[in-house]
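The values are calculated or read from the model by the stated rules, or taken from the named source; none is laboratory data. Every value quoted in this text rests on a predicted model; they were computed, and no experiment measured them. Using ideal geometry, Cβ is built from the backbone for each residue, glycine included, and neighbour counts are taken over all protein chains shown. With ligands, DNA and RNA removed, areas are computed over all heavy atoms of the protein, side chains included. Shrake-Rupley method; radii C 1.70, N 1.55, O 1.52, S 1.80 Å.
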Amino acid sequence: MPYHEFECSKCIPERKKHAVVKGPGETLADALPAGYLNTIPGSISERGCAYCGAKHVIGTPMKDVIHLSHGPVGCTYDTWQTKRYISDNDNFQLKHTFASDMKEKHVVFGAEKMLKQNIIEAFKAFPNMKRMSIYQTCASALIGDDIHAVAAEVMEEMPDVDIFVCNSPGFRGPSQSGGHHTICIAWFKEKVGTVEPKITSDYVINYVGEYNIQGDQHVMDDFFKRMGVQVLSTFTGNGSYDELRSMHRAHLNVLECARSSEYLCNELRVKYGIPRLDIDGFGFEPLSLSLRKVGLFFGIEDRAQKIIDEETARWKPELDWYKARLTGKKVCLWPGGSKLWHWAHVIHEEFGVEVVSVYTKFGHQGDMEKGISRVEEGALAIDDPNELEGMEALETLKPDIIFTGKRPGEVAKKVRVPYLNAHAYHNGPWKGFEGWVRFARDIYNGIFSPMHKLAFLDISKDEIPTDKGFETARMISDVNLSEEIRSSTTLREYTGKFDCVGEILKKTDYPNFEPEPVGAL
Amino acid sequence: MSCELHEKPRVGTIDPIFTCQPCGAQFASIGIKDCIGIVHGGQGCVMFVRLLISQHLKESFEIASSSVHEDGAVFGAVKRVEEAVDVLLMRYPAIKVIPIISTCSTEVIGDDIDGVVTKLNAGLLKEKYPNREVHLIPIHTPSFVGSMITGYDLAVKDFVEYFAKKSEPNNKINLITGWVNPGDVTALKHLLAEMQIDATVLFEIENFDSPLMPYGNFVSHGDTTIADLVDTANATGTIALNRYEGGKAAQYLENEFDVPCIIGPTPIGIRNTDTFLANLKKMTGKPIPESLVHERGIALDAIADVAHMFLADKKVAIYGNPDLVIGLAQFCLDLGMKPKLLLLGDDNASYPNDPRLKELQDNVADDMEIITNADLWELDKRLKEGTLELDLILGHSKGRFVSIDNNVPMVRVGFPTYDRAGLYRHPVVGYAGAIWLAEQMANTLFADMEYKHVREWSLNVW
């Protein structure tokens, strides 16, 4: 059996089916861990809750919306300013968060009246904001407040506002994933089809499952604009509430994070017949293929190819500079969900790193299926990992770097493994061609940090090298490189700016394509 | 001209200053050695609190969840606690203390965490772990009551109440630090050492400024032991530095074991540190040594360099933990500054009776507002509307955009301060803290003068 039994988890045998090693010649049928099952209490799992999956992950990236959580203040506070989803409207969604601030008396006597007061107060505080999302929490779910009724009442009294209600209390399902599902379905049922958009192109898409972490959406939006494709809405990064109400008029749903929002695409396909196209903005090859696929769908491959050629010529020499130096480095790819399969193969192919382990906190078996099929043989795959298993894996695998969350990153730091933030990125965006080079650059700076190397010296026991006043990353990374690579005049280090998104947002010189009949070649 | 104290006039919270009770209990729990708490509720109540604390301390540490899912919310979830305790004990052989921390969901469904502790003590612990020292401590922290501050206060009291046991006098004092940083603990221990006072520091989180060692695998943990907690009943006295973060426990020890307590003042600034030393002297009979006169002199010297030239008359708003806010306001007044707005982020009914707030109300001649149950919007709104003019903000990182968007410089202080490097290492208490605060405020104003090109030349000859 390919199941991997952790020493630390021998006493909880049900954990055994949650980790596998992809052995030589084994198929997915042999090597697929159990997934998305109830968490074992007390295991110190890294999972979050369905409220955060709905509100924090998917709801809040919407930019022109008052995000109000109905419950005690903690849910709101705790999920505020812990992500890097930016927007082009001055980051309203990052700056302000709203809690109905449920207190004991409300738990006893009901909180609907005060919720209504809350809604009115919030609109009054921000008179330019006319849209609101209200998120249920454990407390408001359990006392049974009818949030929909309150929202309907306010909308009747204030005709210029629109309110979306998402009932996804924290306890709903084994992880945050339950919340992704709930909010997708709720948005589809309640809001899609309630606004008619202005169509400005023959090629109209919804960009779904894109949360604009550090500007990913701006980067991808730029490509679509350069292709003459109208992005009707983005679900939800930098997304606009009313644009998302008009999703039903797109010709194609371009889906990025299938884990969190394939539900929405599937509903849109069933009801409105809009096809779903899964794409991938990470990595030169997957991104090129994705742009080509979108081009192919609309019969405008030439436009896609032009972008691919330009971007590849500009950035490939920089990608390859890093690849030459990162080849063979061992990586633990320990993200939340979809990045395990978005990245598993492409970081191997394009950065040259070896993925020695993948894990997922809230992914389902389908995510593992994709991830495991893409990693190299010998990789350890863990579902719903916990603190001790993570430590044990780090000790045995001895990775050179780990891609994971902030707090697990602190654990890795103590065993002298540099970490990159897989959810929020270090110096992103990491989507797009330039973004992918930025990712490579971040990995390089992590692994080859001279300070990192010093952390392995025990001054009480080891011979202290006294011959150097400093080292540079290059002095460490280039030791074993061939002269050809070291002195290459074609390869080069990253030459972009600290902020690569600001320029994109200022851009206005997009090509003006002549309208063509839809689907024409 | 008056100093007014009132509640925020809105029912809702826009940009909260505090999170809820379970976070406070969790923060207290990580100060205890061989302790991993179980938070009984949804997983987010732990996952996000761990993230928050780790963002602040730049460290990891362990807190478990009972992972209540839908079935538990409907049919009751005490079984999840039983399972969680067993799993924790099996996998963490060193663990002795397990607080069971309730949340809003499990309080609403009425899960009996006291009952389950009794059951586990009689069943699981006897049968499966007969030779192991295990303490299960129920802590009721529904999120819809109080705030992270009351959660901390309550948990400290519950831990002390559970363990404290009268035996022989230990000739030590109990020092309950309140919600502080590792750097504060270092500063406090230094003062105690200079006074040659043997103290039990609750809760001892100095080690959360922990090293990256060549042999790897260093896990940060608190250093308050079970023996420390048991012995609190035998102390000469208790000093709780913060009225709202540890005051309850100090009072408990006095009521239950006749351990006299002094609550406050938070030793922020020269004057409050003087009072703290006076209290130590009173409680132990130990004199204040020349070394501290010297140290105080260094602080006064440093402050004299910045106070009346740069800090005097500067208008400041302060938000955060109540004892911190009050202590900072007092220090600012001593520095000649003008606190204009104090924001206390919860609805603690005893604020209006706090003698320090009364003292402010009675003696501050300028316009000053103290808002309870406050949120950051009370500050942001005033700045945006132009009804409040400020030179400086003192507060934690959650208010960073108030500072950024309104172009008011801000000194990060309190919890959490994740958007600045290493602040957990620097004390705000004691003479060292007074120096750090005054100089941080001055340097922050200087940088702002330079960015804005306002009298930046005046620093040429300073």
Would the stretch B:173-287 count as rounded, prolate or oblate if I go by the C-alpha gyration tensor, calling it rounded below 1.5 in a/c and otherwise prolate when a/b exceeds b/c, oblate otherwise?
prolate
Of the listed pairs A:Lys105/B:Lys8; B:Lys189/B:Lys286; A:Lys17/A:Lys83; A:Lys83/B:Lys8; A:Lys323/A:Lys431; A:Lys293/A:Lys361, which have alpha-carbon separations greater than 21 Å here?
A:Lys17/A:Lys83; A:Lys83/B:Lys8; A:Lys293/A:Lys361
Total accessible area buried between chains B and A, 1.4 Å probe, in Å² to the nearest 100?
6200 Å²
Lysine pairs in the stretch B:21-146 with Cα distance under 15 Å, only those 8 or more apart or on different chains: how many are there?
5
Residues of the stretch B:1-24 that become at least 40 Å² less accessible with every protein chain present than in their own chain isolated, using 1.4 Å: which are they?
B:Val11, B:Thr13, B:Ile14, B:Asp15, B:Pro16, B:Thr19
Does the stretch B:1-94 classify as rounded, prolate or oblate by the C-alpha gyration tensor (a ≥ b ≥ c root eigenvalues; a/c under 1.5 gives rounded; else a/b over b/c gives prolate, otherwise oblate)?
oblate
May I ask for log10 I(q)/I(0) of the stretch B:386-444 at q = 0.22 Å⁻¹, from a Debye sum over the Cα atoms as equal point scatterers with solvent left out?
-0.89
Please work out the Cα center distance from the stretch B:63-137 to the stretch A:141-191, rounded to the nearest Å.
32 Å
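Restrict the search to the stretch A:416-521; then list the chymotrypsin sites (Phe, Trp or Tyr not before Pro) that DSSP places in a loop and that have at most 16 other Cβ atoms within 10 Å of their Cβ.
Loop-located and lightly packed - A:Phe456, A:Phe470, A:Phe498, A:Phe513.
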Estimated translational D of chain B in µm²/s (Stokes, Kirkwood radius over Cα pairs; 20 °C; 1.002 mPa s):
93 µm²/s
Ranking B:Pro355, B:Gly31, B:Tyr319 by how far each Cα lies towards the positive end of the charge dipole of chain B (+1 on Lys and Arg Cβ, -1 on Asp and Glu Cβ), the top one is B:Gly31
Provide a whole-number value for the mean count of partner chain Cβ atoms within 10 Å of the Cβ atoms in peptide B:393-399.
1
I'd like the antiparallel share, as a percent to the nearest 5, of DSSP beta bridges with both residues in chain B.
5 percent
State the antiparallel share, in %, of DSSP beta bridges confined to the protein assembly as shown, rounding to the nearest 5.
10 percent
Along the dipole axis of the stretch A:226-334 (charges at Cβ: +1 for Lys and Arg, -1 for Asp and Glu; origin at the Cα centre), the most positive-end residue among A:Leu255, A:Leu232, A:Phe297 is A:Leu255
Order B:165-174, B:55-64, A:110-119 from most to least packed using the mean count of other Cβ atoms within 10 Å.
B:55-64, A:110-119, B:165-174
Taking Cα atoms only, helix A:284-298 is inclined relative to the longest principal axis of chain A by an angle, in degrees rounded to 10, of 40 degrees
Contact order normalised by residue count of chain B, Cα under 8 Å, 6+ apart, percent
19 percent
Cα lying deepest toward the dipole's positive end in chain A, options A:Ile12, A:Thr79, A:Pro286, charges on Cβ
A:Thr79
Other residues with Cβ under 13 Å from the Cβ of B:Gly44 give, with Lys and Arg +1 and Asp and Glu -1, a net charge of +3
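For the stretch B:375-429, which trypsin sites (Lys or Arg not before Pro) are both in a DSSP coil and crowded by at most 16 other Cβ atoms within 10 Å?
Listed in order of number, the matching sites are B:Arg420.
To the nearest whole number, what is the average tally of beta carbon atoms from other chains within 10 Å of the beta carbons of peptide A:134-146?
Partner Cβ neighbours, averaged per residue: 3.
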With a cap of 16 neighbouring Cβ atoms within 10 Å, and only residues DSSP puts in a loop, list the chymotrypsin sites (Phe, Trp or Tyr not before Pro) found in the stretch B:186-217.
B:Tyr215
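Residues of B:55-65, mean number of Cβ from any other protein chain within 10 Å of their own Cβ, rounded to a whole number?
Working: counts 5, 0, 1, 5, 5, 10, 4, 4, 2, 7, 9.
Whole-number average of other-chain Cβ neighbours for B:55-65 is 5.
Can you pull the percent of the protein assembly as shown's accessible area that's carbon plus sulfur, 1.4 Å probe, other chains left in place?
In the protein assembly as shown, the share of accessible area belonging to carbon and sulfur is 52 percent.
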Quick one: grab the alpha carbon gyration tensor of chain A, order the square roots of its eigenvalues as a ≥ b ≥ c, and give me rounded if a/c is under 1.5, else prolate or oblate depending on whether a/b is larger than b/c.
oblate
